[in-house]
């Protein structure tokens, strides 16, 4: 049985807690958070603390805090030579204080408060300095996912950048679609089956094979019609840039 | 029983054919295409022709051709006063020749050769000049989908523009993610669960609620790290534009 303490009480901590609790091979023995408020969403059966000095002994400590807090928080931990990992996509392993053994436990997914997550298919990207810590993190990852992979901090930075494109920027494409439809009092629901199918296609086709539309086939007339519709829109520039990028990609 | 003739043999015609054949209230009595080759993918049980003069009598004729061909093709049809509709998102109803009754039957979805489509949730956007034609198109739409909606040519143009953002441009975000990962020899499979969840979130959250990431929270340090990683990439400009657009949207 792996014992762990969660340091933080936000979305990642909450979803990890639920996933670990569903496994029989790992137990969260305590959740720490600076403020009491955020701890309220955790069940009363789990031990909670707001005091660093009351943190219990465990096999590993998982920092699930905002990126900027990771380094100084890890410095403030009142113990040493323990395995301390963080869950961030964009912070290097070296950001963790030298007084403990460092590691990464990065679930590559987007987490929202009110949306349940099935961890079994989520890539868990792990990294550690010591071989025995890698073994423990692999074991821990496998309790919740079938996809545990060793990823260096450099690779993880590139992965996180890619995630910004496919997640944050794709979601913003949905935002633009929604904004454009609301201008004509049309429901965003009309686009939902298309959004779903766009994502589904990627299971069987490469993005290059799945690419369609006026930019790909250099359909100048349709592009001009779209730019005319966008003439007073803040999104006209983006349409032009994206159309150009797709054209460049598919004529090379 | 509604009888229809399909004019064209591409992706839209193929998927519409399959959907109609699964319904007991509509029958495709013939498929026309200029070249014999594309007709081969249709089963031998269906009557096929490459000759305009051999097109049979039906309740309606569905032009499923590339946008540019619709107008002149509709002009070349050797009959008049029949209901002739097209399936394009971006071509106005007026593009159809005046000698026949005009209409639109636009399924708002992306169609690929090797990817089966469940029409039941796909919005079917219909338009016609005459009330009796609207009734027929509504009836036809309902044989394959629960979501049949009257949409004017102007609304359809905006819908198609929105579809370019959520489909073509989102897919290009996947392309960028794939390109960035291949630079570090990382598998695109790592991003697939994230892509799926990004699209799934839209079922329960608005795009604005679902938006996360460094641009939304104005995380300057992470943005700078990403721009550094992109310094020799053709996608640096897009990252900057999209980050700015998200920031503008979420600070207003």
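Readers should treat all values here as calculations from the given coordinates under stated rules, not as data from a laboratory. Here the structure is a predicted model, which means the values were calculated and not measured. Neighbour counts run over all protein chains shown; Cβ positions are idealised from the backbone, glycine included.
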Inset, instruction - Between residue B:115 and residue A:56, with labels modelled 7 Å along Cα→Cβ, what's the label distance in nm to one decimal, could you check? - result: 4.8 nm
Inset, instruction - For region A:173-191 and region B:161-235, compute the distance between their C-alpha centroids and round to whole Å. - result: 20 Å
Inset, instruction - Find the centroid of the Cα atoms in region B:1-53 and in region A:103-120, then give the distance between the two in whole Å. - result: 46 Å
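Let me check against my output: what whole-number percent is the relative contact order of region B:2-151, with C-alpha pairs under 8 Å and at least 6 apart? Before the final figure, lay out the partial values.
Values: 295 pairs, mean separation 29.5, N = 150.
Answer for region B:2-151 is 20 percent.
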Inset, instruction - Once you have a ≥ b ≥ c as the square roots of the Cα gyration tensor eigenvalues for region B:2-151, tell me rounded if a/c is under 1.5, and otherwise prolate or oblate according to whether a/b is larger than b/c. - result: rounded
Inset, instruction - Return the single residue from B:137, B:60, B:77 with maximal mean-square fluctuation; model: Gaussian network over chain B, springs between Cα atoms under 10 Å. - result: B:77
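Which order do A:73, A:42 fall in if you start with the one that has the fewest other Cβ atoms within 10 Å?
A:42, A:73
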Inset, instruction - Return one number: the angle in degrees, 0 to 90 and rounded to the nearest 10, between the long axis of the Cα atoms of helix B:170-183 and the longest principal axis of the Cα atoms of chain B. - result: 50 degrees
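For chain A, what proportion of DSSP beta bridges, expressed in % and rounded to the nearest 5, is antiparallel? Please report the intermediate quantities before stating the final value.
Working: 5 of 28 bridges.
Antiparallel: roughly 20 percent of the beta bridges in chain A.
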Legend entry - Degrees separating the helix B:131-144 axis from the principal Cα axis of chain B, which is the longest one: 60 degrees
Inset, instruction - With springs connecting C-alpha atoms under 10 Å apart, model chain A as a Gaussian network and identify which of A:223, A:144, A:176 has the largest mean-square fluctuation. - result: A:223
Legend entry - Percent of alpha-carbon pairs separated by more than 11 Å within region B:180-226: 74 percent
Legend entry - Among A:93, A:173, A:134: highest mean-square fluctuation, GNM of chain A, C-alpha pairs under 10 Å: A:173
Inset, instruction - Return the distance in nm (one decimal) between the two label points of a simple spin-label model at residue B:99 and residue A:47, each offset 7 Å from Cα along Cα→Cβ. - result: 8.7 nm
Legend entry - Length released on extending from residue A:183 to residue A:241, taking residue separation times 0.36 nm less the Cα-Cα span: 18.6 nm
Legend entry - Helix B:236-251 axis, angle to chain B major axis (alpha carbon atoms, nearest 10°): 90 degrees
Inset, instruction - Quick one: give the max-minus-min coordinate of the C-alpha atoms of chain A along each principal axis, largest first, in Å. - result: 67, 39, 33
Inset, instruction - Report, for residue B:29, each distance to the same residue's label point in the other copies, shortest first and in nm; define the point 7 Å along Cα→Cβ. - result: 7.9
Inset, instruction - In nm to one decimal, list the spacings between the residue A:228 label point and its equivalents in the other copies, with label points set 7 Å along Cα to Cβ, shortest first. - result: 4.8
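If you take all C-alpha pairs in region A:123-223, what percent of them are over 16 Å apart?
Working: 3717 of 5050 pairs.
Summing the P(r) of region A:123-223 above 16 Å gives 74 percent of all pairs.
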Legend entry - Other copies of residue A:204: label-to-label distances in nm, shortest first, labels 7 Å along the beta-carbon direction: 2.8
Inset, instruction - Using only the Cα atoms of the protein assembly as shown, build the gyration tensor, take square roots of its eigenvalues as a ≥ b ≥ c, and label the shape rounded, prolate or oblate: rounded if a/c is under 1.5, else prolate if a/b is larger than b/c, else oblate. - result: prolate
Legend entry - chain A, relative contact order in percent, only Cα pairs under 8 angstrom and at least six apart counted: 12 percent
